[in-house]
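Report on one structure; see the data block that follows.
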Amino acid sequence: MSASPESLSYLRDLVYRRSAIVLEEDKQYLFDSRLSPVARETGFASIDELVAGMRKDINGPLVRRVVEAMTTNETLFFRDVHPFEALKLRLVPELIRARSNERSLRIWCAAASTGQEPYSIAMTLRENFPELATWKVQIVATDLNAAVLGRAREAKYRQLEVNRGLPAPFLLKYFERHSAEWQLKEDIRSMVTFRELNLLDSWNGLGPQDIVFMRNVLIYFDIETKRRLLGRVRQTLQPEGFLVLGGAETTTNLDDGFAPVRIGKGVYFQSKSGMRAMPSVA
C-alpha cells in the first residue's frame with residue numbers, strides 16, 4: 001500500500017500535533033511500511049481509506065493506533081554501553097553521597113518503549129549498589145505507546161532481543177526461560193513502574209527526579225519543542241541531578257541552564273543552578 005500525497009500531508013500534520021514528532025516528506029516509506037499492517041488489521045483496503053476512516057472520528061481509537069504506529073520504538077539492552085558505565089562509576093555514587101540523609105533515589109526513563117532501557121538501569125543498580133536495598137529507589141518509565149508498555153510490563157523477550165546488548169551472565173542471573181522467550185525475574189520487574197505519558201502533556205505526578213534518561217528522543221522534535229522539553233526537564237531535576245541524552249543529542253544552543261559534564265566517553269548534563277564542581281573523568 002502507498003499513501004497519496006494528500007493522505008501523507010494529513011498524517012504528518014496529525015503525528016506532529018499529537019506527538020511533536022517531525023516526519024519529513026521523504027519519509028513516505030515509513031508511513032507505508034508502518035500503516036499498511038494497521039490498515040489491513042482494521043479492515044481498510046488502503047492507507048487512504050484508513051485516513052478517511054480516521055477523519056470521521058478525530059479523537060477515536062483509530063487515530064491513537066496510527067500515532068502509536070508512527071512512533072519509533074527501537075531499543076535494546078544496555079544500548080551504547082557508556083551511559084550505564086557512567087551510571088555505575090559516577091552518577092549513582094555521586095548521588096548516593098548527596099542523598100545520604102534522605103536515602104532516596106528517583107530515576108525517570110522518558111522513552112521506555114518495550115522496557116529494555118529501564119530494566120538495564122534496574123539491573124545496573126542491583127548488580128553494583130547493594131546499599132540501595134535499604135533506600136527508597138524509584139524507577140519510573142514512561143512512553144506514549146500503550147502497546148509497547150504492555151510488553152514492557154510483561155518483560156518477556158525473544159532470543160534475538162536478549163542477544164542484543166545483554167551480557168550473558170545477566171541473562172542467566174536475572175531471567176527465566178519460558179518456552180521460546182526469556183522473562184525477567186519478578187524482583188527486577190518490581191523495581192520499575194511503567195506509566196503512559198505523552199511528553200507534550202502534563203508531567204504532574206512524576207515529582208522531582210535525580211536522573212532523567214531522555215535518550216534518542218530530542219532528535220525527532222523541532223527546535224522549539226526541544227527547548228520546551230529541556231526547560232521542563234531542568235525544572236524536574238533535583239540539585240546535582242543528571243540528564244542523560246543520546247550520543248547525538250545536546251543541550252548546547254537550546255538551553256543555557258544546563259552544564260555539560262564529561263564522564264568517560266560520554267557527556268551528561270546538570271542544571272547549573274544545582275551543580276557542584278565536578279572534574280572530568282577519563
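If you bin all the Cα-Cα distances of the range 108-172 at 5 Å, starting from zero, the percentages per bin are 4, 16, 24, 23, 19, 11, 3, 0. As a ratio to 2.2 N^0.38 Å, the alpha-carbon radius of gyration computed for the range 56-192 takes the value 1.16. Antiparallel DSSP bridges in the chain: what percent, to the nearest 5? In the chain, approximately 45 percent of DSSP beta bridges are antiparallel ones. Only lysines eight or more places from Lys156 in sequence, or on another chain, were considered; those with a Cα closer than 16 Å are Lys173, Lys185.
Shown here are the Rg and Dmax of the Cα trace of the chain, at 20.1, 62 Å.
Counting pairs of Cα atoms in the range 155-259, how many percent are more than 19 Å apart? The answer is 58 percent, as a whole percent. A dipole drawn for the range 82-271 from +1 and -1 charges on Cβ atoms has a positive end, and of Ala112, Ala86, Ser271 the residue lying farthest that way is Ala86.
Taking the DSSP beta bridges with both ends in the range 105-195, the antiparallel portion is around 45 percent.
Report the Rg/Rh value for the range 221-275, based on alpha-carbon coordinates and the Kirkwood definition of Rh. Using Cα coordinates only, the ratio equals 0.94. For the chain, excluding the exposed loop sites themselves (GluC sites (Glu not before Pro), DSSP loop, at most 11 other Cβ atoms within 10 Å), the longest remaining stretch covers 103-282.
The Cα atoms of the range 1-57 define a convex hull whose projected area, averaged across directions, is 3.7 nm².
Throughout, read-outs are computed from the coordinates displayed, never taken from laboratory work. For clarity, every value in this text was computed on a predicted model and none was experimentally measured. Counting neighbours? That spans all protein chains shown, and the Cβs are built from the backbone with ideal geometry, glycine included.
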